[in-house]
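K.L.:
Below is a structure I'd like to ask you about.
Read the figures in this text as sums done on the coordinates, not as results from a lab. Given the structure is predicted, the values throughout are model-derived calculations rather than measurements. Heads up, the Cβs are rebuilt from the backbone with ideal geometry, glycines too, and the neighbour counts pull from every protein chain shown.
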Amino acid sequence: MPDKQYKDKQIAISESDGESALYIRQQLVKYNLQKVLLEGKLTIEPLNFILKNTDGNIVGGINANIIAYLRKCRVDIFWIDEQYRGRGYGSKLLGKVEEFAMASGCTLIQLDTYSFQAPKFYIKQGYELFGVIEDCPPGHSHYFFKKTL
């Protein structure tokens, strides 16, 4: 990709490493703190749970992050093996995240899912739909949910 000229300064775009990604996150948090009165630790803490069967195999799990300074929990990955779906395990895993989020001072949980995944499940769990991107991926919709704790 060719460099672009901006007011006589060369600007280069390249791939980032982990250290650079952390720097970018820190700079955004610093900026946010100038604009919004935030409470709590300036941390993003992982909150992850797995579901194992009696053989010790992982058959489900949920990966989330507690964003303490925003008092929010963000669910990023949530999966249950097909043969274990519909048995209440998903509700229990999500409930565990909600429990820990509340204990951590969160007032909101945010997550997203696709039309071919579990939008009806989240509605049953008390989540409110607040946005949809149609035809993303093609032929499906991308749903955004939140739940006030």
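K.L.:
Of Lys92/Lys146; Lys30/Lys92; Lys35/Lys92; Lys96/Lys120; Lys92/Lys147, which sit over 26 Å apart, Cα to Cα?
P.N.:
Cα-Cα > 26 Å for Lys30/Lys92; Lys35/Lys92; rest within.
K.L.:
So what J values fall out for region 54-60 if you push phi through Karplus, 6.51 cos²θ - 1.76 cosθ + 1.60 with θ = phi - 60°, rounded to Hz, Gly and Pro as x?
P.N.:
5, 7, x, 7, 6, 10, x
K.L.:
Build a GNM of the chain with springs between Cα atoms under 10 Å: which of Glu99, Glu45, Glu15 gets the top mean-square fluctuation?
P.N.:
Glu15
K.L.:
Using amide H atoms built in the peptide plane, which far-off residues or other-chain residues are under 5 Å from His140 H to H?
P.N.:
Here Asp135 satisfy the definition.
K.L.:
Still on this structure, please answer the following. Please work out how much length the chain gains when fully extended from Thr43 to Glu128, using 0.36 nm per residue of separation minus the C-alpha to C-alpha distance, in nm with one decimal.
P.N.:
28.0 nm
K.L.:
Average the reciprocal distances over every distinct pair of alpha-carbons in the chain, invert the result, and give the Kirkwood radius in Å.
P.N.:
Answer for the chain: a Kirkwood hydrodynamic radius of 18.0 Å.
K.L.:
In addition: Taking only DSSP H segments of four or more residues, each worth -39500 (n - 2.57), what value at 222 nm results for the chain once the sum is divided by all its residues, to the nearest 500 deg cm²/dmol?
P.N.:
Mean residue ellipticity at 222 nm (helix-derived): -8500 deg cm²/dmol.
K.L.:
In addition: Just subtract the alpha-carbon distance of Lys52 and Lys146 from 0.36 nm times their residue separation and send over the number in nm, one decimal.
P.N.:
Working it through step by step, the gained length comes to 31.1 nm.
K.L.:
In nanometres, what is the gap between the two model label sites at Glu99 and Lys35, each 7 Å from Cα along Cα-to-Cβ?
P.N.:
Each label point is offset 7 Å from its Cα along the Cβ direction, giving 3.7 nm.
K.L.:
Something else: Which residue, Gly61, Gly90, Gly18, has the most motion in a Gaussian network model of the chain that connects Cα atoms within less than 10 Å?
P.N.:
Gly18
K.L.:
To the nearest 0.05, what FRET efficiency results for Ser91 and Ser14 with a Förster distance of 41 Å applied to their C-beta separation?
P.N.:
So the FRET efficiency works out to roughly 0.40.
K.L.:
Can you run phi through the Karplus equation (6.51, -1.76, 1.60; θ = phi - 60°) for region 81-93 and list ³J(HN,Hα) in whole Hz, with x for Gly and Pro?
P.N.:
Running phi through 6.51 cos²θ - 1.76 cosθ + 1.60 with θ = phi - 60° gives 4, 3, 6, 9, 6, x, 10, x, 5, x, 4, 5, 4 Hz.
K.L.:
Sticking with this one: Compute the distance in nm between two label points, each set 7 Å from the Cα along the Cα-to-Cβ direction, one at Leu28 and one at Lys120.
P.N.:
Between Leu28 and Lys120, the label points sit 3.4 nm apart.
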